[in-house]
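To start, the structure under review is shown below, and the notes come after it.
A short reminder: the numbers here are calculations on the coordinates, not readings from a lab. From a predicted model like this one, the values you see are computed outputs, not experimental measurements. Neighbour counts are summed over all protein chains in view; Cβ atoms, including those assigned to glycine, are modelled from backbone coordinates with ideal geometry.
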Amino acid sequence: MTKLVINNLTCQYDKNTVIDNLSLKLENNEIVALLGPSGCGKTTLLRAIAGLQSIAKGEIYLSDKLISSATTMLASEKRNIGIIFQDYALFPHLTVAQNIAFGLTKLSAEESKGRVDAMLNLVKLTDFATRYPHEISGGQQQRVAIARALAYQPDIMLLDEPFSNIDSQSRGEIMAEIRQILKAQGVPAVFVTHSKDEAFAFADKLAIFNQGKIEQIDSAQALYQQPVSPYVADFMGKANYLEVSDIHQHSVSTVIGDIAMETMPIDISAMQKDKRHVVMIRPEQLELSANDNGKFAIESSMFCGSYWLHSIICEQSSAEPIEVHSHLSFDQNTRVDVSVSIENAVTFIQP
């Protein structure tokens, strides 16, 4: 079941377009991360869903109900949406239990207490019910914010960089706990972040933003292995772009040799010989071996803990240096051979 539908959404600030003709769907019990650099439109989209941002064009539907359009603006408090902010927005003068109960005014005292007790148990804070926000850790405060939002029994949850104020040692554990809570409660979520590591750990799908548009939305693995553009490829991690010097029926020729076509999702008929094509290869898809007669040489090396990052050059070519991940160390200027191991390679046409 589709919980949230956004059709052709456009948002503007002072006639400057911040979100441009964007469409997105959120399925029931699905977590989608909005990922991109600052100023790309992620938070504006979240505000539009929450009813805090007017829209110039398009529609937003929640549970098949129109909540926003150029002429319709359902009040935020009537949208049944839970929101978690970066700073948690807890009331410092209220206890943990009182923070969770805040806003449950339509319930009887007994019903409210039952809901609060259930939420405290859900986020494992039963023993902290009478404490104040300043008396608990940042991770515990985040759990209180989640419990307060879930107490409303929202249709969806919106999270705006919710883990940025949690120390790095606790962040992974808190993300796993909150993801598990959302999944257990069956609450879908839209999650804004600029950290790809957070998006990998927390979301089912990632929507990569580029200047107010979604460049690509898919699983983390698909985005990494089969990006639709160099922008997505570079955002997801290091990539080498090897120019295609010749096109054959079952392979393409590059500076590192021929790459078999049967291992790559490439339509040979779409590759025009009058265009400049490049093959994207991740550093971990390449392997090095020492060879005194090899046509590549180690230009520089950096130890990265679990692997070495080598930059190699071909003296017979003007191609850019190629980056390779390897478990082997090499001295500078060592001659090497390069082999390629590709499960999913991607080609792009460049101007």
Give me the distance between the Cα centres of region 178-192 and region 83-122, rounded to whole Å.
18
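Expected output is a single nm value to one decimal: the length gained when fully extending between LYS57 and SER168, i.e. 0.36 nm times separation in residues minus the C-alpha distance. What is it?
Details: separation 111, 0.36 × 111 = 39.96 nm, distance 3.96 nm.
Gain on extension, LYS57 to SER168, equals 36.0 nm.
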Rank the residues PHE200, PHE296, PHE303, PHE102 as a footprinting-exposure proxy: fewest other Cβ atoms within 10 Å of their Cβ go first.
PHE303, PHE102, PHE200, PHE296
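Evaluate E = 1/(1 + (r/R0)^6) for MET1 and GLN221, where r is the Cβ-Cβ distance and R0 equals 22 Å; express this FRET efficiency to the nearest 0.05.
Details: r = 25 Å, r/R0 = 1.12.
It comes out at approximately 0.35.
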Provide Rg over Rh for the chain; use the alpha carbon set for both Rg and the Kirkwood Rh (inverse mean inverse pair distance).
1.08
Mind scanning LYS3/LYS275; LYS42/LYS78; LYS65/LYS183 and naming the pairs with a C-alpha gap bigger than 31 Å?
LYS3/LYS275
Within region 2-234, the percent of DSSP beta bridges that are antiparallel, given to the nearest 5, stands at 60
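Got a sec? How would THR334, THR193, THR130 order by Cβ neighbour count within 10 Å, fewest to most? Each step should come with its number before you reach the end.
On the way: THR334 18, THR193 22, THR130 10.
Ranked by crowding around the Cβ, least crowded first: THR130, THR334, THR193.
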Based on other C-beta atoms within 10 Å, arrange SER339, SER229, SER306 from fewest to most.
SER306, SER339, SER229
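Starting from the coordinates of the alpha-carbon atoms of region 46-140, obtain the Kirkwood hydrodynamic radius over all distinct pairs and give the value in Å to one decimal.
Kirkwood hydrodynamic radius for region 46-140: 15.6 Å.
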Place a point 7 Å from the Cα of ALA70 along the Cα-to-Cβ direction; which residues of region 1-42 have their backbone N under 19 Å from it?
6-24
